[in-house]
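Following: one structure in structure tokens, then a few remarks.
Where a number appears in this text, it was derived from the coordinates with a stated rule and is not lab data. Everything quoted here is computed from the prediction, not taken from an experiment. When we count neighbours, we look across all protein chains shown, and the Cβ atoms used for this are built from the backbone with ideal geometry, even at glycine.
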Amino acid sequence: MRAARLHGPADLRIDKVPVPVPGPGEVLVRVLAYSPYGTCLGVYHNRGGRYVANYPIGIGADFSAEIAALGPDVSGFTVGQRVTAQSLDNCGTCANCMVGRTNLCLSPDLGRYVRQVCAQDFTLVSARKLCAMPEGVSDEAGAMLTGVVDALNAFDKLGLPEGSTVAILGVGAMGQGAIATARAIGLVPVAIGGRGAKVAMAVAVGAERVFGISAHGEDISASVLETFPNGFAGVVETSASDWGMAQAFKIAAPGAVVALTGGGALPVTNWDIVNRELRVVGVRGGPDQAGALRLIAEGRIDLSPTISARFPLEQIGEAFALLTGEGAKDVGRVIIRVAA
Ligand SMILES: [Zn+2]
């Protein structure tokens, strides 16, 4: 089978490798569509040397697929069924899994981040990570699920009443997913960040208003606070950057909940948190893959306006060049059609 593998930073090649065989608890799936997001770009460049220890290595996390074969003890799925898979594995039986917090599984073997790969014809997936794709979800929509799953987890933690305004930092893959999800569950999303075509995409997926930036790293918190002088009771940081973290805490109202989905330096001291009674919460993926798929199937979330380009697997190098090149500020999601 074909497998896109990194042989070094930004050195992506199509290799021929054997089709893997599913062991106990595993499912072999035929990948339909794959859409890279920020973490994939980190792996692609091996930013900070923290993503890749040994080359060559496969890539990809957000994908839709069709079941090709079941491992010996796997039940509940059928060959030919369309599925998506969350990135984190879980045991299904620990105290956290039993209350639905599968993204925080306590098993030392499974609770860590397990790198899924999907930029290849077939891949192995733990059966517990799979979720059947409903009829109304396209292969492409199934490959843009992570931002929605993370956002559902973040909004659950914010606990805002319906109709509330929520600030979302960043308009990349995670940000667009959060904007669309906020709108779908009755919140009013205000997006902060982005230039070029990404601003129009944020509006197209449901942003009430977008405070775009004119240059990378621009501090626009003052103009946001001119319009929203009390700040925001709920803030979701999706850019995983020092910029996003700084903006998030500047626009958080006293008593706000600030949800963090990625990296960036914490710009506040413990006394800032005490004085404003902030609640800072981490969002590590999310457990509600089925809920995310349901919102898409019902037509309440449509991320198709964020798709900028489509490539066959052979041209995955061009896809990553587009996502990481000069014009990236105008590029939303890129779909890699793995199955012909
Ligand atoms: Zn568990």
* Theoretical gain in end-to-end length, A290 to Y55 [0.36 nm per residue, Cα-Cα removed] -> 81.2 nm
* Whole-Å distance, taken between Cα centres, linking the range 1-79 and the range 187-246 -> 33
* To do: Identify all aspartates and glutamates with a Cα-Cα distance to K16 below 20 Å; exclude those on the same chain that are fewer than 8 residues away in sequence.
  => D121, E314, E318
* To do: Have a look at the DSSP beta bridges in the chain and tell me what percent are antiparallel, nearest 5.
  => 55
* Mind ordering 186-194, 264-272 by average Cβ neighbours within 10 Å, highest first? -> 186-194, 264-272
* Structure fact -> For D330 and E66, extending 7 Å from Cα along the Cα-Cβ vector and measuring point to point gives, in nm, a value of 3.6
* What is the dipole size for the range 146-282, taken about its Cα centre, with +1 at each Lys and Arg Cβ and -1 at each Asp and Glu Cβ, in debye to the nearest 20? -> 160
* Structure fact -> With DSSP loop assignment and no more than 13 other C-beta atoms within 10 Å, the chymotrypsin sites (Phe, Trp or Tyr not before Pro) in the range 65-147 are Y113
* **Eligible lysines near K329 by straight Cα distance, threshold 29 Å, same-chain separation 8 or greater** => K198, K250
* Structure fact -> Everything considered on the Cα gyration tensor (a ≥ b ≥ c; rounded for a/c under 1.5, else prolate if a/b is larger than b/c, else oblate), the range 146-282 must be described as rounded
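Taking 0.36 nm per residue of separation and subtracting the Cα-Cα distance, what length does fully extending A309 through H216 add?
31.2 nm
Output the relative contact order of the chain, whole-number percent, from Cα pairs under 8 angstrom with separation of 6+ residues.
18
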* To do: Would you compute, for the Cα atoms of the chain, the largest minus smallest coordinate along each principal axis and list the three values in descending order, in whole Å?
  => 58, 46, 38
* **Packing rank of 171-182, 284-295, where each peptide gets the mean count of other beta carbons within 10 Å, highest leading** => 171-182, 284-295
* Could you tell me which GluC sites (Glu not before Pro) in the range 274-340 are loop residues by DSSP with no more than 10 other beta carbons within 10 angstrom of their beta carbon? => E277
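Suppose a student asked you for the relative contact order of the range 25-67, using Cα pairs under 8 Å spaced at least 6 residues apart; what percent would you report?
Numbers: 41 pairs, mean separation 27.4, N = 43.
Relative contact order of the range 25-67: 64 percent.
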* Structure fact -> In terms of the charge dipole of the range 131-255, which places +1 on Lys and Arg and -1 on Asp and Glu at the beta carbon, the residue among A173, G136, G206 farthest towards the positive end is G206
* **Degrees between helix 173-184 axis and first principal axis of the chain (Cα, 0 to 90, nearest 10)** => 70
* Residues M245, M201, M144, sorted so that the one with the fewest Cβ neighbours within 10 Å comes first -> M245, M201, M144
* Asked: What dipole magnitude, in Debye to the nearest 20, does the chain give about its Cα centre under +1 on Lys/Arg Cβ and -1 on Asp/Glu Cβ?
  -> 300
